[in-house]
Amino acid sequence: MKKILILLSGFIPAMALAQKGGPFTIKANLGADSVQKVMFVRYTLKTGQHIDTLQPVNGKLTIKGVVNEERQRDQLIVYTAHGTRSVVFYLQPGNITIDYSAEKNTYTLGGTTFNISLNRYNTMFRHLIDSLSAGKQVAANFQFSKEVQQHKFLVIKQFVLANPQSPVSIDVLDDFAIRSKEADMVQAVYDKLSPILKNSPSGIQLADRIKGMRAVGVGDMAPQFTIPDTVGKEVSLSDFKGKYVLVDFWATWCGPCVAEIPNLIKAHDKYKSKNFDIISISLDRPDSKEKWLNKIRETKMDWTQVSELKWWNGKSALLYNINSVPANFLIDPKGNIIAVNLRGEMLEKKLAEIL
C-alpha cells in the first residue's frame, strides 16, 4: 500500500499562539481516484483529540464548524482504492481550500493566512525533494530519508528569513528542533524570528527546547522543574536534593513505557531505603488524565507521579529535550546527570554500582 505524507512530517500539534476563534469552512478537492472515506483528525491541548469519519462526493468535501483560539495543525487522511494520502493544514476561521493534484501527487493549500504561508513552505520543500531525486528511482518515503533531512534545514532557514513574523516559521523550526541535536544551528535561526514570535508562548517553548538540547548530557546539571502531582500539589526537582533520583519520562499511550514499569518497581523497592527515589513525569494529554491516574493505581507505582498534561509541550519535556519516550535521567545528590536512558537490568546495575 502506497502512503504519502505531505511534507510537514509527523502530526505534531502547533504550540500555543493565539488566533481569533470563529467559524471555518474547508472546501477540499481530494481527487477523483475512488476516494472511499476521509478521516478528519483534530487535536488541541484544551479540547483533546477528535476524529470524524467523512464521506466525500466525487472526491469533494465541504466541512464547516467553529475553531477556538488555539492555533492548530489538523490533518485529513484520505483513503482511496490505491492506498492512503495525508495532508496537514491549519484550522483557522475563514475559508480554507485544499486541492489535490494527481499529476504532481501533492496538495495545494490556500484561503487563510497560515495555510498560504504553509503552502509556500511546502513548495520550497518539494523543490528540494525534486532536485535531490532528479534522475533517481526513490521510495515513497524519500522525503524522510537521511539525504533529504541533511538538506532540509537550509530550506527552513531560507523560509524563516523570508517569513520572520509567520507562526509557520516557528512551527517548522520547532519540528526540526524536536529531532535535532544541533542547538547552535537552531538558535541561529531562532534569533532571526520577530520579537513578537520569540516572546509568544510558542517562542518561549522553543527557547526552552533549545536549552534542553544543550543541557541534558552526562555531566550536565539537571534542569530544574516544578510540576503538579496527582492531587495538584507542586513538586520540584529541588525537593530531592541530597538524593540519587531517577527522572523518568513516560506516557500511558507508550507501550514500551508501560513495559518498563516492573523494572522501575523492582529498582525502587530494592534501593528506596538507600537514598534513591524516582520522579515519573507523564507526557499524557489533558483528555487522558483519568487514564494516567488509573494506570498509576493499576500498576502500583508508589513513588512521586507528576504531569503537566501537555503532551510533548510540557516545560519539563522541553528542558530535557524529550522527543521520544521512555526516557530517563539519573541525577546524583548534587544535581548532576550521571547516566541517561537506563532500562531493564541497566538501571539496577548502575544503582548497585553507586549505592
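The values are calculated or read from the model by the stated rules, or taken from the named source; none is laboratory data. No experiment lies behind these values; they were computed from the predicted model shown. Cβ sites come from the backbone with ideal geometry, for glycine too, and all protein chains shown count toward neighbours. The protein model used for the area step is the full one, side chains on, heavy atoms only, and it has no ligands, DNA or RNA in it. Shrake-Rupley method; radii C 1.70, N 1.55, O 1.52, S 1.80 Å.
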* Structure fact -> Among the residues of the stretch 158-199, the number that are open to solvent by less than 90 Å² (accessible area, probe 1.4 Å), touching a residue at least 12 places away in the same chain (Cβ under 8 Å), closer than 25 Å to Leu91 by Cα and not small (Gly, Ala, Ser) is 17
* Yes/no for Val325 being part of a loop (DSSP other than H, G, I, E, B), of a type in the set (A, V, I, L, M, F, W, C) and open to solvent by 20 Å² or more (accessible area, probe 1.4 Å) -> yes
* Asked: If you check Asp174 against the conditions, is it touching a Leu at 6+ places or on another chain (Cβ under 8 Å), under 25 Å from Thr112 (Cα atoms) and of a type outside the set (Phe, Trp, Tyr)?
  -> yes
* Structure fact -> Sole miss for Thr113 among (1) over 19 Å from Leu197 (Cα atoms); (2) open to solvent by 20 Å² or more (accessible area, probe 1.4 Å); (3) of a type in the set (Val, Ile, Thr) is condition (1)
* Just give me the residues in the stretch 265-296 being closer than 17 Å to Ser316 by Cβ, in a helix (DSSP H, G or I) and at pLDDT 95 or above, in sequence order. => Trp292
* Asked: Can we say Lys310 is open to solvent by 50 Å² or more (accessible area, probe 1.4 Å), among the basic types (Lys, Arg) and either in contact (Cβ under 8 Å) with a residue 40 or more places away in the chain or closer than 19 Å to Gln205 by Cα (or both)?
  -> yes
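Could you list all residues from the stretch 236-285 that are open to solvent by 60 Å² or more (accessible area, probe 1.4 Å), of a type in the set (Gly, Ala, Ser) and over 17 Å from Glu353 (Cα atoms)?
Taking the stretch 236-285 as the starting set, the residues that turn out to be open to solvent by 60 Å² or more (accessible area, probe 1.4 Å) are 238-239, 241, 243, 253, 256, 259, 262, 266, 269-270, 272-275.
Subsequent filtering for residues that are of a type in the set (Gly, Ala, Ser) retains 238, 259, 273.
If the condition is that a residue be open to solvent by 60 Å² or more (accessible area, probe 1.4 Å), of a type in the set (Gly, Ala, Ser) and over 17 Å from Glu353 (Cα atoms), then Ser238, Ala259 are the ones that fit.
Any idea which of Ile337, Ile354 is over 21 Å from Leu206 (Cβ atoms), open to solvent by 20 Å² or more (accessible area, probe 1.4 Å) and aliphatic (A, V, I, L, M)?
Ile354
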* Say we look at the stretch 20-43 and pick out the residues that are open to solvent by less than 60 Å² (accessible area, probe 1.4 Å) and out of contact with any Leu (no Cβ under 9 Å at 6 or more places or on another chain); which of these is modelled with the lowest pLDDT? -> Asp33
* Asked: Only one of (1) open to solvent by less than 20 Å² (accessible area, probe 1.4 Å); (2) in a loop (DSSP other than H, G, I, E, B); (3) hydrophobic (A, V, I, L, M, F, W, C) is not met by Ala317, so which one is it?
  -> (2)
* To do: Inspect the stretch 124-141 for any residue being surrounded by fewer than 19 Cβ atoms within 10 Å (Cβ to Cβ), in contact with a helix residue (DSSP H, G or I) (Cβ under 8 Å, 6 or more places away or on another chain) and within 30 Å of Asn199 (Cα to Cα) and give the result as yes or no.
  => yes
